[in-house]
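Below: the structure, in structure tokens.
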Protein chains: 4
Amino acid sequence: MGRKQAFTKSELLDKTKQLLLKHGYEGFQLKLLSGNLVGARSTIYQYYANKDEIVAACMKRVMENVLRKASAIDQTDCMIALQNLLTVYLEEADFHQLLGDAHKINTANSVAAANDLEFIEQAHITLKNQLELLFVRAQEEGNLNTSIPLPVIIGVYFNLIDTPNMMNLPTPEWSKLLYQMWLGGAGRD
Amino acid sequence: MGRKQAFTKSELLDKTKQLLLKHGYEGFQLKLLSGNLVGARSTIYQYYANKDEIVAACMKRVMENVLRKASAIDQTDCMIALQNLLTVYLEEADFHQLLGDAHKINTANSVAAANDLEFIEQAHITLKNQLELLFVRAQEEGNLNTSIPLPVIIGVYFNLIDTPNMMNLPTPEWSKLLYQMWLGGAGRD
Amino acid sequence: MGRKQAFTKSELLDKTKQLLLKHGYEGFQLKLLSGNLVGARSTIYQYYANKDEIVAACMKRVMENVLRKASAIDQTDCMIALQNLLTVYLEEADFHQLLGDAHKINTANSVAAANDLEFIEQAHITLKNQLELLFVRAQEEGNLNTSIPLPVIIGVYFNLIDTPNMMNLPTPEWSKLLYQMWLGGAGRD
Amino acid sequence: MGRKQAFTKSELLDKTKQLLLKHGYEGFQLKLLSGNLVGARSTIYQYYANKDEIVAACMKRVMENVLRKASAIDQTDCMIALQNLLTVYLEEADFHQLLGDAHKINTANSVAAANDLEFIEQAHITLKNQLELLFVRAQEEGNLNTSIPLPVIIGVYFNLIDTPNMMNLPTPEWSKLLYQMWLGGAGRD
DNA sequence: TATGAATGAGTTTTCATTCAT
DNA sequence: CATGAATGAAAACTCATTCAT
């Protein structure tokens, strides 16, 4: 039996996510990572062959979460579904910012990273399809303002995710407020 | 007298902005910068004493632009002012993303960088004040939905800047569309 | 565990001292240092964060040696003490030259260097006090020429350290000779 | 006619000497030098082909001064001559410290520097011979303590030059005091 | 397996020197 | 001649990755 385990893969990916959000892809350094874990820097290489694999694995895991939650949503009523989907996205708000750096991952040195990236791209498409389907239904059901092109409506909806929650409202409440604003607008009611 | 300039300060800052947006603060490297200019890497040091000074100067210049445009707006009618202000912000859309890294600038080695950063912070406050004043007026004039807290309305408004313009509409048109969505909502009119 | 050390901290400081004496503060380069050790240049940074820390640590260690030896001297008879103190100083003759560059150390980037420098300055004061006390006693006991100001006597005494030992006499003998010359003069006996 | 002269060769060498004493050979930088003169850095190259030529020329000039003064001394009475020679050396006290770095001059790139260095070495020998001759005469005339080897007496004499003049006495007075101490010693008269 | 230590490739920065006006 | 600007070579320092225990 060797020494006791230094840190789990999951702990590693948790810290990775946190540091990636704080410092960005290029500012994410392994010294920082190991400094925020219990073991030695070199132990990281027991789990992943290089930095890009870690980043890719981290992003994949985040994406899996979003995918799972998003696909669990009941899509019977498309407007309710959109409200719930927004909540999901807000719960995993980081994923938007995080995945923005996905293209920086260097897949040249690692098949694993390449595979993870492939998964992420597929998932992206899946999510986008889900979203577009719901929006088309919403439009067909006459729930959307016809004078605004659908892509713009979708873009604004999706961009809501990054609105800073300055009042620190709990996510469900925050989600409702944003959805209300998106649907009804900021103007006089 | 002397040899003629390899590149101007302005060209340098233009490239800096571009690279900063593409690679982020930590991914911004002088090798990249000089590679995108005509001269040698060491020539950069004729203009700025170190990397942080370059970044700070770049951000300051961007901020000056925004400040100038924003303060030129006619504030007689606050709703029109808000529409025009949004256009300004969209024209300078990068500034939001760019200045997000301002806090990473290391001012320990450079008074110039520290001064620039100070300017940026002051400008931030100025812009915020302008925005809040307009919103308070808009609210007092009964133009805003009273069931949504003002900070949320402001937050969503400001966050519109980062909405990706997927249809590549010209900025004035794009601005009008976003403003319309923000004010009137995506829902049935 | 881990690979075995390329060189010890002590070896590093030994070489540092040697190179510092040969090339001076500004001529002391890490390339030179690593070239005189067994490992790679970057390995040096495992021990010290930057060049100034190395120089400061080196000077501190030298000063500690002198301080230890100087404070171990029996001060019952002040003239004998002065003779022995001279021997100590001659044994550590380099320290005079070495510490002459102490003020060049840049402490802005390193707390460790600043602390070491502080230690050195304190030690300087301690040594100076010891010396002055012995000289005052020597004067009071009527052992010194009253027509020469005490500071001059001290200055000449201390400056003896740097007299080049051209005949390569062993230190104790060399010390006795210098002391004799200092006390009795070069003139006809 | 071109522009008016930026600085003279003599001014250049004066500053060089000053900076060389303050920063040492390796710390002597041309940016520093031009910063302490009225013209541009590149103007230096109108006078000297490279850094080492400047340093060599500076040292040569200092040496010439010492040589001229030393050879002007009346050597009728050797003890008086030694006293006067000490005064000369004290007047030009820097030369000792300055020339200590002469061996660091890189003569590979410059014949001029090589020639200057050659001159310096010859002058060194000349001065040494003068000194030794005087000392031998002093010994033969029975003016020196026979129990101390001549090289030691000479070494101590010469080393007096570097004694710090803490009381800031005028050089003639300072010289007398040092000579007195050297000849008669610090001990009870 | 876990890790402390080593390291080379790459980055920032400095500086003597050259160039062109 | 004087100079402002350019520049390559070299120095300090960083960091992902490897090695050996």
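The values are calculated or read from the model by the stated rules, or taken from the named source; none is laboratory data. It should be emphasised that the depicted structure is a prediction, and the values quoted were computed from it without experimental measurement. Using ideal geometry, Cβ is built from the backbone for each residue, glycine included, and neighbour counts are taken over all protein chains shown. Accessible surface is based on the protein model in full, side chains and every heavy atom, while ligands, DNA and RNA are left aside. Shrake-Rupley method; radii C 1.70, N 1.55, O 1.52, S 1.80 Å.
Give the residue, chosen from D:104, D:69, D:51, that is touching a residue at least 24 places away in the same chain (Cβ under 8 Å) and among the basic types (Lys, Arg). Step through it out loud before you land on a result.
Numbers: D:69 fails: touching a residue at least 24 places away in the same chain (Cβ under 8 Å); D:51 fails: touching a residue at least 24 places away in the same chain (Cβ under 8 Å).
When all the criteria are applied, what remains is D:104.
Here's the yes/no breakdown for (1) modelled with pLDDT under 95; (2) farther than 19 Å from residue D:120 by Cα; (3) touching a helix residue (DSSP H, G or I) at 6+ places or on another chain (Cβ under 7 Å):
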{"site": "D:18", "(1), (2), (3)": "no, no, no"}
{"site": "D:26", "(1), (2), (3)": "yes, yes, yes"}
{"site": "D:32", "(1), (2), (3)": "no, yes, yes"}
{"site": "D:57", "(1), (2), (3)": "no, no, yes"}
{"site": "D:63", "(1), (2), (3)": "no, no, yes"}
{"site": "D:74", "(1), (2), (3)": "no, yes, yes"}
{"site": "D:77", "(1), (2), (3)": "no, yes, no"}
{"site": "D:82", "(1), (2), (3)": "no, yes, yes"}
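Six or more apart or on different chains, Cβ atoms under 8 Å: show the pairs whose first residue is in segment B:7-20 and open to solvent by 50 Å² or more (accessible area, probe 1.4 Å) and within 16 Å of DNA strand F (Cβ to nearest atom) and whose second is among the polar types (S, T, N, Q) and not in a helix (DSSP H, G or I).
Qualifying pairs under 8 Å: B:15/B:36.
As an exercise: evaluate residue B:114 against (1) among the hydrophobic types (A, V, I, L, M, F, W, C); (2) more than 10 Å from chain A (Cβ to nearest Cβ); (3) open to solvent by less than 30 Å² (accessible area, probe 1.4 Å) and give the number of the one condition it does not meet.
(3)
Look at residue D:70 and say whether it is under 17 Å from the mean Cα position of the chain (by Cα), away from DNA strand E (no atom under 16 Å from the Cβ) and either modelled with pLDDT of 95 or more or among the charged types (D, E, K, R) (or both).
yes
Go through (1) more than 9 Å from DNA strand E (Cβ to nearest atom); (2) of a type in the set (Lys, Arg); (3) within 14 Å of chain C (Cβ to nearest Cβ) one by one and return the number of the condition residue D:15 breaks.
Against the list (1) more than 9 Å from DNA strand E (Cβ to nearest atom); (2) of a type in the set (Lys, Arg); (3) within 14 Å of chain C (Cβ to nearest Cβ), residue D:15 comes up short only on (3).
For residue C:23, which of the numbered conditions (1) surrounded by fewer than 18 Cβ atoms within 10 Å (Cβ to Cβ); (2) under 20 Å from the mean Cα position of the chain (by Cα); (3) away from DNA strand F (no atom under 16 Å from the Cβ) fails to hold?
Residue C:23 satisfies all of (1) surrounded by fewer than 18 Cβ atoms within 10 Å (Cβ to Cβ); (2) under 20 Å from the mean Cα position of the chain (by Cα); (3) away from DNA strand F (no atom under 16 Å from the Cβ) except (3).
From the list A:49, A:6, A:57, which one is closer than 20 Å to residue A:104 by Cα and not in a helix (DSSP H, G or I)?
Of A:49, A:6, A:57, the one residue that is closer than 20 Å to residue A:104 by Cα and not in a helix (DSSP H, G or I) is A:49.
Residues that are closer than 30 Å to residue B:109 by Cα: find the helices (runs of 4 or more DSSP H) completely inside segment C:86-189 holding 3 or more of those.
Output list reads C:111-140.
Can you tell me which residues in segment D:81-102 are open to solvent by 10 Å² or more (accessible area, probe 1.4 Å) and not charged (D, E, K, R)?
Once the filter is applied, which keeps residues that are open to solvent by 10 Å² or more (accessible area, probe 1.4 Å) and not charged (D, E, K, R), segment D:81-102 yields D:83, D:84, D:87, D:88, D:90, D:93, D:96, D:97, D:99, D:100, D:102.
State whether one or more residues within segment D:60-80 are assigned to a helix (DSSP H, G or I), open to solvent by 40 Å² or more (accessible area, probe 1.4 Å), in the same structural domain as residue D:134 (by TED's automatic domain parsing) and among the polar types (S, T, N, Q).
Yes; the residues of segment D:60-80 include at least one that is assigned to a helix (DSSP H, G or I), open to solvent by 40 Å² or more (accessible area, probe 1.4 Å), in the same structural domain as residue D:134 (by TED's automatic domain parsing) and among the polar types (S, T, N, Q).
Read through the list (1) more than 14 Å from DNA strand F (Cβ to nearest atom); (2) of a type in the set (Gly, Ala, Ser); (3) within 26 Å of residue D:102 (Cα to Cα), then give the number of the only condition that residue C:72 fails.
(3)
Looking at (1) buried (at least 17 other Cβ atoms within 10 Å of the Cβ); (2) of a type outside the set (Asp, Glu); (3) within 12 Å of DNA strand E (Cβ to nearest atom), find the lone condition where residue A:56 falls short.
In the conditions (1) buried (at least 17 other Cβ atoms within 10 Å of the Cβ); (2) of a type outside the set (Asp, Glu); (3) within 12 Å of DNA strand E (Cβ to nearest atom), residue A:56 misses (3) alone.
Only one of (1) facing chain C (nearest Cβ under 7 Å); (2) crowded, with 20+ Cβ neighbours inside 10 Å; (3) under 25 Å from the mean Cα position of the chain (by Cα) fails for residue D:186. Which number is that?
It is condition (3) that residue D:186 fails.
Suppose we keep only residues that are in a helix (DSSP H, G or I), touching a residue at least 12 places away in the same chain (Cβ under 8 Å) and within 12 Å of DNA strand E (Cβ to nearest atom) within segment A:21-44. Which one would you say is nearest to residue B:24 (Cα to Cα)?
A:26
Quick grid of which residues meet (1) open to solvent by less than 70 Å² (accessible area, probe 1.4 Å); (2) facing chain A (nearest Cβ under 8 Å):
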{"site": "B:135", "(1), (2)": "yes, no"}
{"site": "B:138", "(1), (2)": "yes, no"}
{"site": "B:145", "(1), (2)": "yes, yes"}
{"site": "B:148", "(1), (2)": "yes, yes"}
{"site": "B:157", "(1), (2)": "yes, yes"}
{"site": "B:166", "(1), (2)": "no, yes"}
{"site": "B:173", "(1), (2)": "no, no"}
{"site": "B:179", "(1), (2)": "yes, no"}
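What number of residues within segment D:29-52 satisfy the criterion of being closer than 19 Å to residue D:102 by Cβ and open to solvent by 30 Å² or more (accessible area, probe 1.4 Å)?
Here the count works out to 4.
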